[in-house]
1. Just to be sure I understand the filter: pairs with C-beta atoms under 6 Å, separated by 6 or more residues or on different chains, first member in region 221-245 and at positive phi, second member hydroxyl-bearing (Ser, Thr, Tyr) and modelled with pLDDT of 95 or more. Which pairs pass?
2. Is it the case that some residue within region 102-119 is closer than 26 Å to Ile234 by Cβ and at pLDDT below 95?
3. In this structure, does Val39 turn out to be assigned to a loop (DSSP other than H, G, I, E, B), farther than 30 Å from Leu242 by Cα and modelled with pLDDT of 95 or more?
4. When you scan region 4-25, how many residues do you find that are part of a helix (DSSP H, G or I) and touching a strand residue (DSSP E or B) at 6+ places or on another chain (Cβ under 9 Å)?
5. Out of all the residues in region 50-68, is one or more under 15 Å from the mean Cα position of the chain (by Cα) and charged (D, E, K, R)?
6. Tell me which helices (runs of 4 or more DSSP H) are completely within region 126-198 and hold 1 or more residues being surrounded by 13 or more Cβ atoms within 10 Å (Cβ to Cβ) and at pLDDT 85 or above, or say none if there are none.
7. I'd like to verify a number: residues in region 61-80 that are modelled with pLDDT under 95 and not in a strand (DSSP E or B), how many?
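The values are calculated or read from the model by the stated rules, or taken from the named source; none is laboratory data. Keep in mind it's a predicted model, so treat the numbers as computed, not measured. Cβ atoms come from the backbone with ideal geometry, glycine included; neighbour counts cover every protein chain shown.
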Amino acid sequence: MEQPLFGIPPSDMASSFAQIATTLITLIEQVHSLKMLVVDIKPENFMLAYNSTKKSHPLHSRLRIIDVALFEKFLDAMTQKHRQDVYPNGPIVGTPVYASLNVLEGHAVSRRDDIEALGYVILEMLLMIHHDASVTSSDGKQEPIPVHGLLPWSSGKCDKDILNNKKSIMEGFLSTTKSSTKKSAAHSLSSSSFLDNLCQYGNESAAHALREYMALSRQLAYMDSPDYEALKKIVGKIVIHLPKKSATASSSSSSTDIKTSRAKAPSHGDIKPSRETASSSTNFVIFFRPPPRGGVLMPAS
């Protein structure tokens with residue numbers, strides 16, 4: 001039995017944030033090493049291995065990527081060279097809430113887009129942790145995450161709405177002037193409600209690191225190979241802070257068993273992938289684990 005990425009108790013996700021984010025990048029890197037693209041990156045496609053022999057293993061070591069129905073090769077079958085971009089006629093593929101700005105604007109998917117899409121998943125991880133710490137019902141129980149998700153563009157009614165909202169917010173996010181001092185960095189990172197949400201509880205440095213990650217992914221050209229090690233280094237230094245009261249309450253209510261934070265696993269506003277998946281004969285599930293050092297990618301047992 002497997003459990004979803006966003007089924008991790010937020011207090012546990014906070015304490016393992018850097019390791020989880022680093023492992024997610026490793027999973028994408030391993031798919032790319034097979035000359036393949038994930039295309040449809042979203043929280044629901046990352047799962048935790050969950051059985052009696054793996055409960056005690058670190059959370060990040062149990063992460064798997066599933067559902068390869070939209071995986072694509074990025075090499076041309078005839079020339080074995082990187083396929084050409086088809087902008088502005090590229091179809092919108094994957095889940096628009098997480099799809100890269102380039103894909104939403106009509107570019108073909110490439111490795112840079114998997115990396116950018118993963119950045120949105122990691123951003124939502126931080127928002128989910130903050131949501132858990134701040135939203136509590138009158139009886140003291142944590143309220144579920146809104147069906148539309150926590151990314152501010154999740155409630156868009158169509159692909160164009162999502163593109164316009166995401167582009168506006170991310171341009172503001174990435175254009176924030178870098179600052180050499182913690183005080184001025186905190187001030188500059190508070191320029192929008194989105195940044196305010198990311199910076200809650202003294203997490204300005206985490207928001208700054210995620211901005212650095214997104215800036216690096218947005219700088220990639222269509223055929224560029226991402227610098228996976230640089231990306232891992234960026235997220236690997238993130239430390240998440242939580243209010244003591246919330247952290248205590250969360251840890252007391254959690255156990256070694258993973259509990260789902262959402263009542264269901266919605267497609268964020270019921271927005272389905274813009275390209276239908278392949279026929280049922282190819283719509284299968286496969287699990288990948290990061291390989292041991294020097295090893296190869298292997299299916300999980």
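1. Pairs that qualify, where the first residue is at positive phi and the partner is hydroxyl-bearing (Ser, Thr, Tyr) and modelled with pLDDT of 95 or more: there are none.
2. Among the residues of region 102-119, not one is closer than 26 Å to Ile234 by Cβ and at pLDDT below 95, which makes the answer no.
3. Judged against the criteria, Val39 is a match.
4. Matching residues across region 4-25 total 7.
5. Scanning region 50-68 turns up at least one residue that is under 15 Å from the mean Cα position of the chain (by Cα) and charged (D, E, K, R).
6. Here the list reads 159-175, 193-198.
7. Matching residues across region 61-80 total 12.
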